[in-house]
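Okay, structure first, notes after.
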Amino acid sequence: MATRYYDRIAVDLGNRFRDCVRNRLASIGDRPESFGFVRQPLRVAMIDGFPYIVVFRLMEPVVLVAGLYHASSDPNRWFARIDDVG
């Protein structure tokens with residue numbers, strides 16, 4: 001949904017958003033422990049230049065991504081999503 005929103009504003013903006021999300025996911029995969037806890041065991045990582053966050057949980061040997069959320073969204077949605085899967 002966010003990509004469609006940014007694509008409607010400008011395709012270049014949508015592409016930049018997608019690139020920033022990919023880059024953040026790569027950095028989470030490379031060094032998940034470097035991101036802070038929002039509530040243990042959940043960690044968050046901001047998307048550079050956009051008001052979005054990736055909520056994830058480290059479950060060795062994998063990283064479980066709960067979702068990509070707007071930073072002003074209700075945190076209870078983040079917690080419910082991760083509680084459902086892990």
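General remarks:
- Based on Cα contacts under 8 Å between residues 6+ apart, the chain shows a relative contact order of 16 percent.
- Value at 222 nm in deg cm²/dmol, rounded to 500, when DSSP H runs of n ≥ 4 in the chain each add -39,500 (n - 2.57): -14500 deg cm²/dmol
- Normalised contact order of the range 36-85, rounded percent, pairs of Cα under 8 Å and 6 or more residues apart: 24
- About the centre of its Cα atoms, the range 2-85 shows a dipole size close to 140 debye [charges on the beta carbon of Lys, Arg (+1) and Asp, Glu (-1) only; nearest 20 debye].
- Listed candidates (i) 5.5; (ii) 9.2; (iii) 7.0 - label of the one calculated as mean projected area of the Cα convex hull in nm²: (i)
Throughout, read-outs are computed from the coordinates displayed, never taken from laboratory work. Since this is a predicted model, take the numbers as computed values, not measurements. All Cβ positions, even for glycine, are placed from backbone atoms using ideal geometry, and neighbour counts span all protein chains on display.
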